[in-house]
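A.B. asks: Here it is: the structure, laid out below.
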Amino acid sequence: MGNTEKKPLSTKAIEAMKPGDKDKADTGENRGLRLACGTTGVKTFFYRYKSPLTDKILQVKIGHFPNISLAQARAELQALKQIRNEGRCPSSEQKAEKQQKQQSALEKQQTVFTVRDLVELYLTQRIEDRKGKDGKIIQGARKVGGQYAARKTLYNDAVAKLGHRAAIDVTRKDVIDLIIGVIERGANVLAGSLLRELSAAYEFALGLGKIDENFANPALLAKSSLQQAKVKLTSNQGKRVLSDKELSQFLYWLPNSAYSKEIKDIMILTLLTGCRTGEICGLVSNDIDFNKGTIHLRGTKMGTERHVQLPLQAIQFLKALQSGTGNHLFICKATNRPVAQKSLTGYTWRLRKSGRMLDIPPWTPHDLRRTVRTGLARLGCPSEVAEAVLGHSRKGIEGTYDLYRYEAECKVWLQKWADYLDTLTEQK
């Protein structure tokens with residue numbers, strides 16, 4: 001008979017293996033070491049043995065060739081054999097070790113107090129309404145509008161950028177970079193609000209012992225640095241007014257601009273009525289009286305109700321926009337909520353950054369309202385009427401005793417202004 005003794009594994013033989021070849025086995029003191037070549041050509045060392053616990057044939061993966069050399073695989077084999085010789089099962093221990101690592105990783109993940117956790121703690125336990133143990137509602141620190149604004153402010157930037165980070169790993173520089181990013185969008189006021197809210201969230205967590213008391217609030221540190229650098233976190237006093245030429249260009253450009261239809265319509269109504277963009281954003285169909293030609297603003301910045309007198313152009317424009325009874329006129333498709341006033345500024349910033357903005361000096365949506373006021377003055381509108389158009393309250397003795405609203409005069413002058421706008425579109 002010929003010599004049938006098996007040859008030990010060799011690196012050359014391993015390299016020659018191809019997908020579909022039978023497993024190769026080592027010999028002698030390395031008996032139990034095997035090598036398989038998968039269908040994709042990946043070659044894997046494993047130890048095949050009989051379990052001292054169950055007497056079943058099991059195998060344990062050692063590693064892939066050539067990441068692990070033949071010599072390294074043989075060394076690992078001897079370590080696994082020693083475990084078996086001690087009456088233990090390498091496969092069972094390997095599975096137990098893997099499960100322990102997974103459990104440890106899960107526990108570690110669950111115990112990390114992230115920025116998202118910090119924000120949620122602050123919002124749900126401090127800012128927003130919540131249920132007490134007795135089931136009764138505990139009022140939050142803010143009214144409903146303020147609760148929504150705080151959540152949106154923190155989630156849109158802080159959670160979006162830092163939410164996955166451990167709260168204690170966030171540094172002064174992280175917060176400064178976050179705030180500068182908001183400022184670069186042209187939203188200085190929002191940047192200030194974000195910094196205040198994030199700082200308050202850290203202070204709340206510190207007060208509840210969620211963070212070590214010796215931890216330095218990175219938002220407070222960032223605030224100090226930004227103040228030293230004289231970074232402005234408040235709005236600049238607006239002085240921008242569109243000239244007649246710029247207004248003519250704007251009216252020609254707006255319909256085909258990259259703004260959403262809702263934002264385009266809000267801007268047109270702002271120019272036709274002189275209303276604040278926020279007042280237009282929240283407009284509900286029930287607040288429009290086409291017979292009287294008015295819009296009833298129930299909640300204004302000044303805290304009083306007022307009726308906005310509509311020129312014919314605005315009436316026709318609103319009739320074309322009419323939706324179901326009681327519905328908001330301007331709904332954001334992404335959120336299915338009324339268009340937020342802040343989105344107008346954000347959208348304007350994005351268009352300017354992407355090079356899709358009208359080629360005139362920088363302007364903001366609120367500048368349109370200032371343009372209306374200045375335009376009325378140019379047309380000869382009395383100051384008290386122009387102020388009434390904008391809904392400004394009068395101060396001093398006059399504001400106390402003269403309660404006339406100039407509604408008839410507002411209608412006359414807004415009609416003159418709307419007619420004047422028509423002449424500007426005709427020029428183009």
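The values are calculated or read from the model by the stated rules, or taken from the named source; none is laboratory data. In this text the structure is predicted, and so the values were computed from the model without any measurement. Counting neighbours? That spans all protein chains shown, and the Cβs are built from the backbone with ideal geometry, glycine included. Surface accessibility is based on the protein's heavy atoms, side chains included, excluding ligands, DNA and RNA. Shrake-Rupley method; radii C 1.70, N 1.55, O 1.52, S 1.80 Å.
A.B. asks: Filter segment 9-45 down to the residues that are part of a strand (DSSP E or B), closer than 20 Å to A75 by Cα and open to solvent by less than 20 Å² (accessible area, probe 1.4 Å) and list them by number.
C.D. replies: Of the residues in segment 9-45, the ones part of a strand (DSSP E or B) are 24-25, 33-37, 43-45.
From what's left, closer than 20 Å to A75 by Cα: 24-25, 33-36, 43-45.
Those that are part of a strand (DSSP E or B), closer than 20 Å to A75 by Cα and open to solvent by less than 20 Å² (accessible area, probe 1.4 Å): L33, L35, F45.
A.B. asks: Counting only residues that are open to solvent by less than 20 Å² (accessible area, probe 1.4 Å) and of a type in the set (S, T, Y), how many does segment 250-304 have?
C.D. replies: 7
A.B. asks: Please enumerate the residues belonging to segment 165-182 that are among the aliphatic types (A, V, I, L, M), closer than 14 Å to S199 by Cα and open to solvent by less than 50 Å² (accessible area, probe 1.4 Å). Spell out how you get there, then give the answer.
C.D. replies: Start the filter on segment 165-182 by keeping residues that are among the aliphatic types (A, V, I, L, M), which leaves 166-168, 170, 175-176, 178-180, 182.
Okay, now just the ones that are also closer than 14 Å to S199 by Cα, so 167-168, 170, 175-176, 178-179.
A167, V170, V175, I176, L178, I179, listed by residue number.
A.B. asks: Looking at (1) crowded, with 17+ Cβ neighbours inside 10 Å; (2) closer than 23 Å to R337 by Cβ; (3) within 16 Å of the chain's Cα centre (by Cα), can you tell me which one E128 breaks?
C.D. replies: Only one criterion in (1) crowded, with 17+ Cβ neighbours inside 10 Å; (2) closer than 23 Å to R337 by Cβ; (3) within 16 Å of the chain's Cα centre (by Cα) is unmet by E128, namely (3).
A.B. asks: For segment 72-85, indicate whether the set of residues that are in contact with a helix residue (DSSP H, G or I) (Cβ under 8 Å, 6 or more places away or on another chain), in a helix (DSSP H, G or I) and of a type in the set (D, E) is non-empty.
C.D. replies: Within segment 72-85, not a single residue is in contact with a helix residue (DSSP H, G or I) (Cβ under 8 Å, 6 or more places away or on another chain), in a helix (DSSP H, G or I) and of a type in the set (D, E).
A.B. asks: Tell me which residues, restricted to segment 48-92, are loosely packed, with under 15 Cβ neighbours inside 10 Å, of a type in the set (A, V, I, L, M) and out of contact with any strand residue (DSSP E or B) (no Cβ under 7 Å at 6 or more places or on another chain).
C.D. replies: Across segment 48-92, the qualifying residues are L53, A71, A75, A79.
A.B. asks: Just a yes or no: is a residue in segment 391-407 farther than 26 Å from G181 by Cβ, modelled with pLDDT of 90 or more, among the small types (G, A, S) and in a helix (DSSP H, G or I)?
C.D. replies: no
A.B. asks: Suppose we filter Y148, Y155 for residues that are assigned to a helix (DSSP H, G or I), open to solvent by 30 Å² or more (accessible area, probe 1.4 Å) and modelled with pLDDT of 90 or more; which single one remains? Please lay out each step first, then the result.
C.D. replies: Working: Y148 fails: modelled with pLDDT of 90 or more.
Checking each option against the conditions leaves just Y155.
A.B. asks: Being closer than 17 Å to Q94 by Cα, touching a helix residue (DSSP H, G or I) at 6+ places or on another chain (Cβ under 9 Å) and not hydrophobic (A, V, I, L, M, F, W, C) is the filter here; which residues of segment 39-53 pass it?
C.D. replies: Y47, Y49, K50, S51, P52, listed by residue number.
A.B. asks: When the residues of segment 326-354 are narrowed to those that are among the hydroxyl-bearing types (S, T, Y) and either open to solvent by less than 40 Å² (accessible area, probe 1.4 Å) or within 16 Å of the chain's Cα centre (by Cα) (or both), which ends up farthest from G186 (Cα to Cα)?
C.D. replies: Step one: list which residues in segment 326-354 are among the hydroxyl-bearing types (S, T, Y), which gives 335, 343, 345, 347-348, 354.
Still in the running and either open to solvent by less than 40 Å² (accessible area, probe 1.4 Å) or within 16 Å of the chain's Cα centre (by Cα) (or both): 335, 343, 345, 347-348.
Details: T335: 23, S343: 12, T345: 8, Y347: 11, T348: 9 Å.
That would be T335.
A.B. asks: State whether the residues of segment 205-222 include one that is out of contact with any helix residue (DSSP H, G or I) (no Cβ under 6 Å at 6 or more places or on another chain), closer than 25 Å to Q341 by Cα and assigned to a helix (DSSP H, G or I).
C.D. replies: no
A.B. asks: In segment 327-371, which residues are touching a Leu at 6+ places or on another chain (Cβ under 6 Å) and among the aliphatic types (A, V, I, L, M)?
C.D. replies: Of segment 327-371, the ones touching a Leu at 6+ places or on another chain (Cβ under 6 Å) are 329, 357, 365, 368, 371.
Residues satisfying the conditions are L329, M357, L368.
A.B. asks: How about segment 199-248: which of its residues are of a type in the set (S, T, N, Q) and open to solvent by less than 50 Å² (accessible area, probe 1.4 Å)?
C.D. replies: Taking segment 199-248 as the starting set, the residues that turn out to be of a type in the set (S, T, N, Q) are 199, 214, 217, 224-225, 227-228, 234-237, 243, 248.
Answer for segment 199-248, where residues must be of a type in the set (S, T, N, Q) and open to solvent by less than 50 Å² (accessible area, probe 1.4 Å): S199, N217, S224, S225, S243, S248.
A.B. asks: When you check A166 against the structure, is it closer than 30 Å to T364 by Cβ and among the small types (G, A, S), yes or no? Reasoning before the result, please.
C.D. replies: Working: closer than 30 Å to T364 by Cβ: no; among the small types (G, A, S): yes.
Criteria not met by A166.
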